[in-house]
1. Enumerate the amide H contacts of residue A:606 below 5 Å, restricted to partners 5 or more residues apart or on another chain; note that Pro and chain-start residues carry no placed amide H.
2. Which is farthest toward the positive dipole end of chain A among A:507, A:192, A:212, measuring Cα position about the Cα centre, with Cβ charges +1 (Lys, Arg) and -1 (Asp, Glu)?
3. Going through the DSSP H helices of chain B, which span 27 Å or more along their own axis at the Cα atoms while scoring at least -1.0 as a mean Kyte-Doolittle hydropathy?
4. Only counting other Cβ atoms within 10 Å, I'd like A:77, A:162, B:120 sorted with the fewest neighbours first.
5. Please identify the GluC sites (Glu not before Pro) of the range A:577-652 that satisfy two criteria: DSSP loop assignment and at most 10 other Cβ atoms within 10 Å. Which are they?
6. Where nothing but the Cβ of Lys and Arg (+1) and of Asp and Glu (-1) is charged, how large is the charge dipole of the range A:618-699 around its Cα centre, in debye to the nearest 20?
7. What's the FRET efficiency of residue A:242 with residue B:206 using the Cβ-Cβ distance as r and R₀ = 30 Å, to the nearest 0.05?
8. Could you check the spin-label model distance between residue A:72 and residue A:714? Points 7 Å from the Cα along Cα→Cβ, value in nm.
Amino acid sequence: MLLFISIVTNGQVKISGSVKKFDGKPIAGANISLKDTYDGATSDSLGFFLFTTTEKGKFLLSISASGYLYSEDSIFISSSSIVKHFILQEELNEITITARKFDADDKSKSVTLLNSLDIATVGGAGADISSVMKTMPGTQQVGEREGLFVRGGTGTETKQFIDGTLVNNPYFATAPDIGARGRFSPFLFKGTVFSTGGYSAQYGQALSSALILESIDLPEKSHIDASVSPLVWGGAIQQLAKNEKSSWGVSYNYVNLGLYFYLVKQKPHYFRIPTGHNTDFNFRIKTKKGIVKFYSALGIGNGGLSRPDIDSLLFKDALNIHNLNWYSNLSWRENLGNGWKFNLGLSYSTNRDHMHQELQDSNMVPQAFPESYFLMNKNFNLTSRQDLSQFKLVLDKRLSSNVIFRIGGEYWYNIQRSIYTATYEYPGNLNDHFTALFAEADIHVSNRLTAQAGGRSEYSSIIDQVNIAPRLSVSYKTSANSVLCASYGIFYQKPENQQLIASPQLGYTKATHYIAYFQQNLKGRVLRAEVFYKQYNNLVKTIPKDLYFSSYNNAGDGYANGVEFFCRDNKVSVKNMDYWVSYSYLDTKREFLNYPTKIQPNFAATHNASVVTKKFFPKYKGGINLTYTYSTGRPYYYFHLNEQRNFEIKDQGRAKDFHNVGLSLSYIPSMGKQDAKTFWVIFASISNLLGSNQVYNYNYSYNGSVKQAVTPTARRFFFIGVFLSWGVDRTQDAINNNL
Amino acid sequence: MKGKFRIISLLTFSLLCFFSLISQAQDDKFSKAMQKNLKALDSAKTTAEYIAVSNSFERIGDAEKTSWLPYYYAALALITPAWEDKTINADANSVKVKALIEKASKIEDNVEIYALRNMIATQQMLIEPSIRWANYGVEASTALKKGLAMDPENPRLNYLKGSSIFYTPTQFGGGKDKAKPVLQKAVELYSKEQPKPLYPAWGKEIAASLLAQCN
């Protein structure tokens, strides 16, 4: 018996050792396994392990631990104890990738990673993506023109991208001095990334900023939605296939501002009530390891308004606008395995404008003054068509656990056909073949240090120059929840089509960004501080021929620098309340277009601040969202064209400070009724609640004798509507958004 | 259709019996190791102990390759401490848990595994409920729905359903009153349950105590 026991104990072999990191720190909880047997152990808090086995012969000893690369070693078990020490390499598992990626990619370079409901519930913003972005640091409160004016840049320096490809006309057509809302509903997108600078080499042709929109994948469920309001009514269907592998949807809405304009007096006289038909169609198909998405939207809009003519005052300018816009986007994202991924994007858009303006007397009788220098071109016709076809391919390859390499290219074919008929007929045609290639690498130097380095090279056939735009961004995790990031990049943008048509010898405009920020993310809280310096070169400058016609060169330049703060507290400090505060200080001057010297542009205010609050009251099934935005008055100028055909500043000033309080109320009667068939929301919103006198800017008559304030078309904007949804229980959205 | 299914089930059953006879020796080792670790899982208190048990189960699973049970318990052993121990990073933990769930479901995708899916998604949701509801809350409830579609009488899924209603605020369609009938059903199902050896049997006590809180 004794003999037997000794044989058994002799048969047991002790296997021990340690599991550690490179720097010698222990790894606890690692699974040490004698492969294909039950034998093994778990490393303790000091990284040590010990177990015994009765197995004999050649075996693999494997080590696995979360967050580290798998490791194994072959051992031969005979009778003596075995000691093995392992050093494991850190692995980028799924979590650390997203956490790290968040440090260097565009998602973190922008403060704004907002979901659709975040956007839809900003008080007074009327669920318009761009209006919500104006509550973010770095943006200006420019209401008289469409577009996002970022860090001393113009609205055209911010470009919008849907699933990687550029959107040419993201805003509804509008008249001069009246801003327009965006064409795209926030509910089309699962994520909205607003980068105010230093973004990835994947994106180009935007000097200042990129609004990167990623469309939603398959819907959770089939549903039917409807909206009813005095301004707009419409319906939508989303159908999810039974196997949950594909979906399709259509929507239509009709906008008619007739009733609204009857109830709320507008300052310009609308002789033709703005109306619009908007329809879209989409399908999405899940592939093996990816998705194909198609989205197509058609919008047709009409309207006509008349305003006093600033140069004659007796007369009115009656402007008639007709616009047709068709946008289509096909994208295919696929994970090819073996570390390869690709993203393919195809898009086509056409935008057709027809504008007609005539000078009328107070009885709306057309007038013509072909001899008057300053009135001869008041009667005009503009027919314009702008097409953009795009192809974009991005390939991602994970080279190792620490390096992801990305390479891609895009091709744009841009067509402009326009005829401007005033005293004479002026055709304006342009064809441009634009090609870009880019490459970048995400390098995870260590758990804390991440770099994204890349570059982009572009060629435009009309400019006939190749540019090279390097981009670099380095981020360092100062703690588990905070990061310090610095980025640098050169950005090029083609001049506007009209400028290129007049002066085809123009080159690229250029901006160089230097950005540093610190960001802290705690549960539901974000705190961010950012400084930047931006250098502008080769901006387009106007060389006037006369009051109406000009040619252009690249002699302009400028700079912008500033400090920005942002903090958000999503229902952490105050129950059921989400709020964010942003502040931006901007110092910028530029010489471009008709600016004779470097001056603060008329679209840039020095101080901008916003407070967005959203509070939900579960007891009353309703929410109150209140937003306050403030900006110091922007400068305005009268540029006089002198005898030497140069512009000079004859008058200037500063508009009064801008205040806006926006309020929206939502009420969800079906909330909490688990079996409710119909989910509905009643929504009401008002902008400029306090009725402050908002002046964006001033216009001057041609000789400078008359100065007119540019203001919103009405003191306040109201909206009320009912949104209904069948088929999908939106209570969860409501909880998500409001809890 | 039904008849055909019955024949197949009978066939499978007899085949299983046949194989189990052959591999009885091996099975003996397997069930002994499983029982030993199930005891360890029962008595585990610290997170380190739970991790050690999980690792043991995983080793058994890797060696056997044919039973979903070791992976099931390996995952359960990592989920259990994460309800209490707030120092556990639920996201990092979920990567490991979901890998184990994947391994188990590749062998046999059954109703019990949906309970794991529900729990791990719930844990991820609880990190930041207000923000994560849309993703992980839906993931959790989808797992529950799919599991209950497979077996509406599974006591653990009924308990998880009841518990989810129990902890959802009344205004949002939750609360004790609504949870009560579901928990009552779960407790009833637990009392009728006769789990096969080594099969999941947990949840009876906690379901009863939650039901008691409803009164």
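1. Here the answer is A:632, since their amide H atoms fall under 5 Å of that of residue A:606.
2. Of A:507, A:192, A:212, it is A:192.
3. On the way: long enough: B:2-22 (30 Å, 1.45); B:24-43 (28 Å, -1.20).
Span-like helices in chain B: B:2-22.
4. Details: A:77 19, A:162 23, B:120 27.
Least crowded to most crowded, the residues run A:77, A:162, B:120.
5. Values: sites: A:591, A:643, A:648; in loops: A:643.
Within the range A:577-652, the qualifying GluC sites (Glu not before Pro) (loop, at most 10 other Cβ atoms within 10 Å) are A:643.
6. The dipole of the range A:618-699 has a size of about 400 debye.
7. Values: r = 36 Å, r/R0 = 1.21.
Once the sixth-power term is evaluated, E becomes 0.25.
8. It is 7.3 nm.
A short reminder: the numbers here are calculations on the coordinates, not readings from a lab. Predicted model, so just to flag it, every value in this text is computed and none were measured. Cβ coordinates were reconstructed from backbone atoms using ideal geometry, including for glycine residues, and neighbour counts include every protein chain displayed.
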